[in-house]
1. Anything in segment 381-428 that is at pLDDT 95 or above and at positive phi? List them, or say none.
2. Can you pull out every residue in segment 366-388 that is within 20 Å of residue 306 (Cα to Cα) and within 11 Å of the ligand (Cβ to nearest atom)?
3. Give the residues of segment 294-332 that are in a helix (DSSP H, G or I), among the charged types (D, E, K, R) and within 14 Å of residue 345 (Cβ to Cβ), sorted by residue number.
4. In segment 110-123, which residues are touching a Lys or Arg at 6+ places or on another chain (Cβ under 8 Å) and either open to solvent by 10 Å² or more (accessible area, probe 1.4 Å) or within 28 Å of residue 161 (Cα to Cα) (or both)?
5. Name the pairs whose Cβ atoms lie under 7 Å apart, with the first residue in segment 412-424 and within 14 Å of residue 367 (Cα to Cα), the second of a type in the set (A, V, I, L, M), and 6 or more positions between them or separate chains?
6. Run down 323, 355 and say which single residue is surrounded by fewer than 20 Cβ atoms within 10 Å (Cβ to Cβ) and closer than 19 Å to residue 205 by Cα.
7. Which ranges mark the strands (runs of 3 or more DSSP E) fully within segment 356-450 that have 2 or more residues being polar (S, T, N, Q)?
Amino acid sequence: MPGVFIKTYGCQMNERDSEAVAAQLVAKGYTLAPSEAEADVILLNTCSVRDFAEQKAIGKMQNIAADVRKNRPDVVLGFLGCMAQSRGQELIDKLPDVDLVLGTQKFHHAADYLDAILAGRRKKIVDVALEQGSEATIREHLLNGNAQKSVTAFVSIMQGCNQYCTFCIVPYTRGEERSRTIPDIVAECRQLVAQGVKEITLLGQIVTSYGKRANFSRAGSPLPADGGASVPASRLVGSLAPPNDSGAHGVTRPTLQRSPFVQLLDAVHEIEGLERIRFTAPHPKGYGGDLIEAYARLPKLVESAHLPVQSGSDRVLKLMHRGYTRRRFLDLVEKLRQVRPDIGITTDIIVGFPGETEDDFEQTLSLAREVRFDNAYIFKYSPRRDTPAAAMPGQVPQKIREERNHRLLETVNEIGKRKYDAFVGRQTQILVEGPSRKNSTRLAGRTRCNKIVVFDGSDRHRGQLMDVKITRAGSFTLYGDPAILE
Ligand code: 5AD
């Protein structure tokens, strides 16, 4: 059977899409090749968020093509995902060795298209069309991909983004927001838990907008002629959500007061045997009172939040079309820390957005100091095609973008180091995921606040919730010993 090798660029959503494609192919009899050199099909699942990510994938494909075409002319080469979506046919025009270009709403057709190409029935396939209902097709898992049980799993709850931040290409590569239904997602989660999964991360480009657009695709119920845009959100979840429940304090609240995303959290939380729930990526403006309250109410919801702030300057936030102010962001952090004092907070920040002055940048530095993020992913602004920011005046010279990146990184690392150091001597609970990536003789787990802890243990610890005592802090990693309870 053909062996397939998939290389993934970019975010966790891309990782999840690749896993689903791999699982579909395995179900069809394909094998997973351990490397490109041994593969009959090589797929690159791409990222478009910055030009650098696109150039990396294009460069990689050029190298693969040069190598493979000399000795193994029959190997099938394909681009999947965001760059495939935004560039389409152009990719084959540029790289004629590429056989398949598959967009973000077409992952579930990968096996059929590859079969057709491998059998010689079709030569080149480009499919980047929109497909109604595709948001519910990322559902297969490769739980035993490494012959080891998975402890954690990602579940895609929605696709697309309607936020249209002025710097961001995602609405163009991932399309309009489309959400799966609560019962459909819960069924997938239940199945994962039955197979031994202990922690589920709910995924989407903007999970706090889950269910806000009413174009849910329900099997057997065609969308109205207007595409469903005018269906009230309550209709989507009203009948699908669990009945009104009693909160932790015995107060009965009408479910419909909760946003669809919080209703989804409630429903997933009910699953017996599931220990932890995470989600990513939320939008700060989507953190309503109901979501903050969910942290107080739902013990399985871990104390961890990735809150992409992008900038600390109100002027820049407005230019970015973020929909919140610095003050509102700081208030949100404060509220979350009131509910969960140990919450781990990470962020994304863009430096060198068009028009960003030294003063704007210093406000970002001061925000980073004020919030004390556990970690921050810093991105140098990269102009993206079709986005408003690419045409804005005041594009910041590359040298200044680099210098700001460097200064912010120093600040973020210094704060992160202090935060990690503060764990030394403390006892904390981890979920043991498996061998450490850096040193496979050791095991690694994650704290509820999303910090990796490496320790000496054995395979029988995998999947266990365990108390460890932290003995040392490295660079964004903790080291510990199993805490022996008397
Ligand atoms: N340039 C630089 N960084 C970007 N991001 C999104 N678009 C761009 C861009 N054009 C960053 C944002 C986002 C993260 C996933 O990527 O910080 O949160």
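1. Matches in segment 381-428: 394, 425.
2. Initially, segment 366-388 is screened for residues within 20 Å of residue 306 (Cα to Cα), giving 366-381.
Across segment 366-388, the qualifying residues are 376, 377, 378, 379, 380, 381.
3. Of everything in segment 294-332, just one residue is in a helix (DSSP H, G or I), among the charged types (D, E, K, R) and within 14 Å of residue 345 (Cβ to Cβ), namely 331.
4. If the condition is that a residue be touching a Lys or Arg at 6+ places or on another chain (Cβ under 8 Å) and either open to solvent by 10 Å² or more (accessible area, probe 1.4 Å) or within 28 Å of residue 161 (Cα to Cα) (or both), then 111, 113, 115, 117 are the ones that fit.
5. Qualifying pairs under 7 Å: 412/368; 412/376; 412/378; 415/368.
6. Exactly one of 323, 355 is surrounded by fewer than 20 Cβ atoms within 10 Å (Cβ to Cβ) and closer than 19 Å to residue 205 by Cα, namely 323.
7. Per the criteria, 427-435.
Conditions tested, residue by residue: (1) touching a residue at least 24 places away in the same chain (Cβ under 8 Å); (2) touching a helix residue (DSSP H, G or I) at 6+ places or on another chain (Cβ under 8 Å).
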site	(1), (2)
122	no, yes
168	yes, no
177	yes, yes
186	yes, yes
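The values are calculated or read from the model by the stated rules, or taken from the named source; none is laboratory data. Values in this document were obtained by computation on a predicted structure and should not be read as measured data. Neighbour counts run over all protein chains shown; Cβ positions are idealised from the backbone, glycine included. Quick note on the areas: whole protein, heavy atoms, side chains included, nothing else; ligands and nucleic acids left out. Shrake-Rupley method; radii C 1.70, N 1.55, O 1.52, S 1.80 Å.
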